[in-house]
Amino acid sequence: MGKRALFGTTLLAAAIAALVPPWLAYREAEYQAYRTEADFALGYARDLMRRVDETGSQAFRGIEQLAKSGYPPCSAQSQELMRRIDLSSTYIQAIGYVRGGVLACSSMGDHSLALGTRTFRTSRGVLIHTEVPLGKDSSSPLIGIQRGDYAALFHRDLPLDTWTAVPDVSLAALHLEMRDSGTPMTNRGYVDRSWLARLENRREVTFLTGQYLVAVVRSDKYLNAGVAAVPRAHLDRRTAAAAMRLVPAGTVAGLALALAILLLARRQMSIANALRHALRKDEFFLLYQPIVELATGKWVGAEALLRWRRATGELIGPDLFIPIAEQTGTITKLTGRVIRLVQRDAGRFLVDFPGFHIALNLSASDLRSTAIVDLLDRLLAQTGARPANLIVELTERALLDIGSARKVISALRKRGIEVAVDDFGTGYSSLSYLESLELDYLKIDRSFIEAIGTRAPTSQVVSHIIRMADAMGLRMIAEGVETQAQADFLIANGVQYAQGWLFAKPISFDELSRALDGTLPERADRLAAGQ
Ligand SMILES: Nc1nc2c(ncn2[C@@H]2O[C@H](COP(=O)(O)O[C@H]3[C@@H](O)[C@H](n4cnc5c(=O)[nH]c(N)nc54)O[C@@H]3COP(=O)(O)O)[C@@H](O)[C@H]2O)c(=O)[nH]1
């Protein structure tokens, strides 16, 4: 990524980081306000439903008592029973005997009362008289429930009488079978009957519609539903109050995050600048970590590992600067430098040791063009080494751009330079993905080697990786071998090569060369021959 692009990306990331937390805080405020108001609405609807259910229960109990009493209708005993039922109930206003749509006698006495024409028959055979006319007044406050020959009357508003504290909340109890027509059994304020459809098969539901937050609760006992509709203004006020608490905290978090991104980017950019300076000042050098053939213990190669020593003497590890070099586009220059350092260190060493190899790490950017192949060709030409003296290590991440990777890998292998997939198992690639590439070695990541013989969840992974590499015909190099037990396990499981502190830490080329003296037959022969 170029300097400008990095700068732009950083600013964009900082802007997003600054805006997202306050936005999330506002969404959280909306959610909390909705939950609170929805809980209130549900509470009102549930309470209304409980009262309506109790009204129905009192009506049906009274009617059953009268029907089972065996007293002749409107007899003195029957009317006495009606009065007792009426007095002992909290909701019933009157209960009586119905003849031809008229309450012929009731707990109020002998005078008759027409039940009106607005009557609905439920599927359970109950008649609901939604407007029982009281005298000349057509807007009757009474509602009647009739089963068989008896009916109980109620004051329509009785189940609503406790909600004086929330006068603008609409409330209604509706019979679920009344559908499009019919008056609610009881109601206050605006209620839309179509809201019932939102219940579907649920027992209760809350939702926002138009100017209301609505709760609908179905009765457990009867075919009724209670509805409570809270005006949206309540919700808006509660959202604003919650936002006043949460958004400032979100804003602070957002600004802190944006600042952290800017500081991190500044640090990255300063390291990137320092890297460019270091390249000019030649502050890099290589260490080589031997790669051991497990069956013989022989050093058969070494991985070149880059180090940066600043003018101050400070040593910086590749874990810190390689990722930044990759992000800032300096990595191809660094790889070029590594190749020149190998050339400088090894000289004609690889001609002397044709069986020895140097492994080089490449990054994703190195694979974008075949220029890397030309650099390696030049290294071979200038050192007199054979292609088999080089192994190229590619991380799974570098292989993500499979098109470019395939092109470079193919060019390398055509020359006889072998290719290893590095840090295998740490993410990114799938088996089928790897199978589609021509590879020679699979390096088993240190994290899996560490887990050998432990109770770590990944302890079994290494066996799977070994089986998989075998099946793909790949040779294996285990990374980070630190104990003899790990080495024994790897030998027993057929892993051919390893590197790690058990055998040797990364060392300078001079140390490598000295340590190899006499250990390789080539060098021993030459020494014996006095060359
Ligand atoms: N693109 C490039 N990447 C490079 C280059 N040089 C190094 N790197 C990558 O940086 C990562 C860290 O490397 P380093 O700090 O050098 O660590 C290596 C070994 O020192 C370490 N190691 C080896 N054996 C052991 C061990 O037994 N225990 C232990 N704790 N650490 C051990 O592992 C690193 C080697 O890893 P790998 O390359 O995966 O084989 C690292 O990812 C390097 O690849 C470069 O020039 N270019």
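The values are calculated or read from the model by the stated rules, or taken from the named source; none is laboratory data. As the structure is a computational prediction, the values presented were derived from the model and not from experiment. Glycine also receives a Cβ, built like all others from the backbone with ideal geometry; neighbour counts cover every protein chain displayed. Surface accessibility is based on the protein's heavy atoms, side chains included, excluding ligands, DNA and RNA. Shrake-Rupley method; radii C 1.70, N 1.55, O 1.52, S 1.80 Å.
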Residue among R118, R83, R124 that is at pLDDT 90 or above and in the same structural domain as Q65 (by TED's automatic domain parsing): R83
Criterion (over 30 Å from D488 (Cβ atoms) and either modelled with pLDDT under 95 or near the ligand (Cβ under 9 Å from one of its atoms) (or both)) met by exactly one of R340, R280: R280
Residue within segment 65-85 that is under 60 Å from the mean Cα position of the chain (by Cα) and among the acidic types (D, E) present: no
Answer residue from segment 380-424, given it is assigned to a strand (DSSP E or B) and under 20 Å from G347 (Cα atoms) and is farthest from the ligand (Cβ to nearest atom) among those: L390
Scan of segment 114-133 for residues that are touching a residue at least 40 places away in the same chain (Cβ under 8 Å) and crowded, with 19+ Cβ neighbours inside 10 Å, ordered by number: I128, T130, E131
Matching residues in segment 365-379 - criterion: being part of a helix (DSSP H, G or I) and either near the ligand (Cβ under 9 Å from one of its atoms) or among the hydroxyl-bearing types (S, T, Y) (or both): S365, D366
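Rundown of residues vs (1) touching a residue at least 60 places away in the same chain (Cβ under 8 Å); (2) in a helix (DSSP H, G or I); (3) not acidic (D, E), yes/no style:
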position	(1), (2), (3)
D53	yes, yes, no
F60	yes, yes, yes
K68	no, yes, yes
Y71	no, no, yes
D86	no, yes, no
Members of segment 343-354 found to be buried (at least 21 other Cβ atoms within 10 Å of the Cβ) and in contact with a Phe, Trp or Tyr (Cβ under 9 Å, 6 or more places away or on another chain), listed by number: A346, L350
Test: residue in segment 445-464 that is within 15 Å of the ligand (Cβ to nearest atom), of a type in the set (A, V, I, L, M) and either closer than 28 Å to G403 by Cα or loosely packed, with under 14 Cβ neighbours inside 10 Å (or both): no
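Residue-by-condition table, conditions (1) within 16 Å of the ligand (Cβ to nearest atom); (2) open to solvent by 70 Å² or more (accessible area, probe 1.4 Å):
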site	(1), (2)
A253	no, no
A272	yes, no
L275	yes, no
W299	yes, no
A311	no, yes
Pick from segment 313-337, criterion closer than 27 Å to E511 by Cβ and away from the ligand (no atom under 13 Å from the Cβ), ranking: least open to solvent (accessible area, probe 1.4 Å): G313
Qualifying residue in segment 431-438 (condition: open to solvent by 50 Å² or more (accessible area, probe 1.4 Å) and either within 14 Å of the ligand (Cβ to nearest atom) or aromatic (F, W, Y) (or both)): no
Criterion violated by E64 - all others in (1) touching a helix residue (DSSP H, G or I) at 6+ places or on another chain (Cβ under 8 Å); (2) within 21 Å of Y222 (Cα to Cα); (3) not in a strand (DSSP E or B) satisfied: (1)
Residue satisfying all of: in segment 355-364; among the small types (G, A, S) and open to solvent by less than 30 Å² (accessible area, probe 1.4 Å); farthest from the ligand (Cβ to nearest atom) among these: A359
From G473, G518, G453, G500, residue being in contact with a helix residue (DSSP H, G or I) (Cβ under 9 Å, 6 or more places away or on another chain), assigned to a loop (DSSP other than H, G, I, E, B) and modelled with pLDDT of 90 or more: G500
Options Q77, Q93: the member that is of a type outside the set (S, T, Y), open to solvent by 20 Å² or more (accessible area, probe 1.4 Å) and at pLDDT 95 or above: Q77
